[in-house]
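*Asks:* Quick one: structure below, then a few questions.
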Amino acid sequence: MRYQISGKQIDIGEALQTHVKAELGEVVEKYAQRPTEAVIVFSRVAHEHVCEATIHLSTGLNAQAKGHAPEIYAAFESCREKMDKQLRRYKRRLRDHHRDRTAAVEFGGGTSYILAASEGAEDVEPETLQPMVIAEMETKVPSITVGEAVMQLELAGQPMLVFRNEGHGGVNVVYRREDGNIGWIDPRNSK
């Protein structure tokens, strides 16, 4: 597994990198098969250290966790514990996912846009209804089942996930509702 360990405006020593590789490798080895890459970023917010970890699996699934603490090692341990809990919770489904899926998840290309927020007072009528595009990026849209999409949403801690439904090939969305449940939008089933 490849590790990318970095710090945002803080120096990451060799001892911390060795500790992260050993501890995170142990957690991932226990629950997930065929991990490909781990990205760990340390930063500092006011008096707290923050550790964000993302693990990419060969099947296209990602697991993500974040930890905060006054000490940098404690921030990593908090993050590691959250990652361990997530992977333990989904261990059975991760193993089934690996067994059922013989090939890696296919990704289709897509374009993602960032639009400018409306400026000024809310009661002012805009000159045009066309939003101003600030940035344009390439994004990947996985081709997975609805169950895998919900698992990906939970593992990555994302508010929503756009995916191509393997059942019929249409674009679908799963999202976290305000009441804590998961919503699923399938435009193909609309009448």
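Here, each number is a calculation from the coordinates, and none is a lab measurement. None of the values given here were measured: they were computed from a predicted structure. Here the Cβ positions follow ideal geometry from the backbone for every residue, glycine too, while neighbour counts run over all protein chains shown.
*Asks:* Treat the count of other C-beta atoms within 10 Å as a stand-in for reagent exposure and order Asp84, Asp11, Asp186 from fewest to most.
*Replies:* Neighbour counts put them in this order, fewest first: Asp11, Asp186, Asp84.
*Asks:* If you don't mind, another one. From the gyration tensor of the Cα coordinates in segment 142-191, what semi-axes in whole Å does the equivalent ellipsoid have, largest first, with each one equal to sqrt(5λ)?
*Replies:* Sorted largest first and rounded, they come to 18, 13, 7 Å.
*Asks:* If you don't mind, another one. For segment 2-98, what is the relative contact order in percent, using Cα pairs closer than 8 Å and at least 6 residues apart in sequence?
*Replies:* Result for segment 2-98 is 25 percent.
*Asks:* Using the alpha carbon gyration tensor of segment 2-98, what are the three equivalent-ellipsoid semi-axes (square root of 5 times each eigenvalue), largest first, in whole Å?
*Replies:* Semi-axes, largest first: 24, 13, 11 Å.
*Asks:* Only loop residues by DSSP count here, and only those with at most 16 other Cβ atoms within 10 Å; note down the trypsin sites (Lys or Arg not before Pro) in segment 1-79 that meet that.
*Replies:* The qualifying sites are Lys8.
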